[in-house]
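The values are calculated or read from the model by the stated rules, or taken from the named source; none is laboratory data. Quick caveat: nothing in here was measured; it's all calculated off a predicted structure. Methodologically, a virtual Cβ is constructed for each residue, glycine included, from the backbone with ideal geometry; neighbour enumeration extends over all protein chains shown. When the accessible area is computed, the model is the full protein with side chains, heavy atoms only, and any ligands, DNA or RNA have been set aside. Shrake-Rupley method; radii C 1.70, N 1.55, O 1.52, S 1.80 Å.
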Amino acid sequence: MLLFLSVPQPRPPGARTRAGAARVARWRRRRLQQLRRLRGLLRVLRGRPEAGTRRRGRMALCGQAAGAASLPSELIVHIFSFLPAPDRLRASASCSHWRECLFYPALWPQLRICLRVSPAEQPRLEFLMRKCGWFVRELRVEFAAENYLSGGGPGDGGGADTGTGGEEVEALQLSARWLEVLRTYLELVLCVLVSIRNNRNLQKFSLFGDISVLQQQGSLSNTYLSKVDPDGKKIKQIQQLFEEILSNSRQLKWLSCGFMLEIVTPTSLSSLSNAVANTMEHLSLLDNNIPGNSSLITAVELERFVNLHSLALDFCDFTAEMARVLTDSNHVPLQRLSLLVHNVSIMHKSLDNMPNDEHWKALSRKSTNLRVYIMAFDIKSEDMLKILKPSIPLERIHFDSYITCVSGAIVDLISRQYDKFLTHFILMNDVIDTSGFPDLSDNRNEDPLVLLAWRCTKLSLLAIHGYTVWAHNLIAIARLRGSDLKVLEVTEESIDFDQGELADQDVDPVHNLIEQVSLGLGQPWHAVMDIESLSVFTEPNRHFYREMQSFSEDI
């Protein structure tokens, strides 16, 4: 591509005298030198390595005179600011100059990492955190443990052993995998915390640990932890580093720690200065490992957080006194409240101190835009009846059961009490025997799920697995909510058909179901064939944590 420039030619100065002629000669020599330099520059840009060549080609990007390597660092930083983070990391492997430019602080204001708990990830994490940990402003790290406890894993013999001897071998292999997971987990957490310990510009800090493997039975066995960290030095070091990060922070607005193994202690928040606590906008502390009646935050500590817009806690930690603190005039109105109800917490803590209906009414008057998100793990029906107060502005609820199933009475209660607010309803029952799915419509004139769709006019997401959903009820739900129901996820094994539908030889019941539900929703629909494809079913903890994050950010 040629660029033509029209430059007015200046008149030679003083050309009529002898002195003027000398000045004209000098002026012409300078002009000639300038033109030669301009020709040389154009020749390089047009890819002409020699003066006498006439080769026409594309602009040379590499070479000794000019090229990508000789571009100013500011220009390289600006160019790569348009690339996504994975492409920047790939580009940093090109040369040392690019690597220096690509880790310029302006290119990494936020860093979101999802890590497998694997030794192979440690050098990559150390490299990235060494480059970005000291200046990153938003850091979100998720630790996802591989399914070491599943059969057929590496080195477990593929289930070839049987009998008592096979069970003993499997138990030994399971123990070894647990130890490997915990050892790697602690090293990765240390790597993250050490790299940001002196970062005073950190504004958002979020940590999540996948407990589906680390805490398979609700709480991690202390036996495994004592083997990995016999004297507790690493755990203490992690806790001290976390408190040091909080004490060094000056701009922290968002602090979230979910299901992390013994990182947060009841004294951690005391490390925050009053100035930082007074400006904190989001606080999330979810941990089921605190023994006895200990809580990660008390009502007295909550009084410092006067600017909170969103809060996420264990339900047993959210007391009536906390509700009273949040209604004080010096606190800004709370807009998002996420509560985790876990059977392990209820076993060790009491529900006697939870807010009553009057507390919820006062909190709703103070915060007219308050919305609540509840996730319940294996909670008995009698406990849920105590928890679900009528004045809770419940917008989302997620039931996840492994032993205790949700009753139809609970679903009916939710549809009657929260019909003005409810938008998300997730019902999951992870049972082994697929032939024994509970039927919520037993001994009822109307199916509770159909009543839920009829009463809750704002319902936009409905996900069901492990409960019997009759085909005609599913069609009724789709017709009642129509296009307002944006997401309808029902697993194939949860759907059942009446005998009359199966006896009709002229109509394929499955094809008819898909067609009728699609017409009702106004969009193509099909049942979930592969449950592994949806994290809401396979990774409920991770799904809840991510939904809680987006729920809190969407204010």
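Could you work out what % of the accessible surface of the stretch 92-141 is carbon and sulfur, using a 1.4 angstrom probe and leaving DNA, RNA and ligands out of the count?
The value for the stretch 92-141 is 54 percent carbon and sulfur by accessible area.
Using 0.36 nm times the number of residues separating K361 and R23, minus their current alpha carbon distance, what extension gain do you get?
In short, 112.4 nm is gained.
So if I take the centroid of the Cα atoms in the stretch 259-274 and the same for the stretch 445-485, what is the distance between those two points in Å?
42
I'd like the accessible area for C95, computed on protein heavy atoms only with a 1.4 Å probe and all protein chains in place. Round to 10 Å², please.
About 50 Å², ignoring ligands and nucleic acids.
What residues have an amide H closer than 5 Å to that of D378, excluding those fewer than 5 places away on the same chain, when H is modeled at 1.01 Å from N in the peptide plane?
Excluding prolines and chain starts, which carry no amide H, the hits are D400, S401, Y402.
For a quick check: with amide H placed at 1.01 Å from N, whose amide H comes under 5 Å from D496's, ignoring anything fewer than 5 positions away on the same chain?
Excluding prolines and chain starts, which carry no amide H, the hits are V469, W470, A471.
What are the ³J(HN,Hα) couplings of the stretch 237-251, residue after residue, when phi is run through the Karplus curve with 6.51, -1.76, 1.60 and θ = phi - 60°? Round to Hz, x for glycine and proline.
4, 4, 5, 5, 5, 4, 5, 5, 4, 5, 5, 7, 5, 10, 10
Which pairs in the list K349/K486; K204/K234; K227/K253; K380/K458; K131/K253; K389/K458 are over 31 Å apart, alpha-carbon to alpha-carbon?
Table pairs above 31 Å Cα-Cα are K349/K486; K227/K253.
Using Cα centres only, tell me the gap between the stretch 109-146 and the stretch 507-540 in whole Å.
36
As a test of reading the structure, rank R99, R26 by solvent-accessible area (1.4 Å probe, protein chains only), most first.
Of R99, R26, the descending order of accessible area is R26, R99.
Name the residues whose placed amide hydrogens come within less than 5 Å of the amide hydrogen of D314, ignoring near sequence neighbours (fewer than 5 apart) on the same chain.
Sorted by chain and number, the residues that satisfy this are D287, L340.
Using θ = phi - 60° and the Karplus relation 6.51 cos²θ - 1.76 cosθ + 1.60, list the HN-Hα couplings for the stretch 365-380 in order, rounded to whole Hz, with x at every Gly or Pro.
5, 5, 10, 5, 9, 5, 10, 10, 10, 10, 10, 10, 9, 6, 9, 5
Please give the length that would be gained between N369 and Q523 if that part of the chain were fully extended, namely 0.36 nm times their separation in residues minus their C-alpha to C-alpha distance (nm, one decimal).
Full extension of this stretch gives 52.3 nm more.
Just to verify a number: what accessible area does R23 come out at with the full protein assembly present, 1.4 Å probe, Å² rounded to tens?
Surface accessible to solvent at R23 totals approximately 100 Å².
Count charges around L285 for me, please; just the other residues with Cβ under 12 Å from its Cβ, Lys/Arg as +1, Asp/Glu as -1.
-4
Using a probe radius of 1.4 Å on heavy atoms only, what accessible surface per residue do you get for the stretch 406-501? Whole Å² is fine.
43
Using θ = phi - 60° and the Karplus curve 6.51 cos²θ - 1.76 cosθ + 1.60, what whole-Hz ³J(HN,Hα) does each residue of the stretch 26-32 get, with Gly and Pro shown as x?
5, 5, 5, 5, 5, 4, 5
Reachable aspartates and glutamates from K420, Cα under 16 Å, same-chain residues fewer than 8 places away excluded?
K420 reaches E395, D412, D484.
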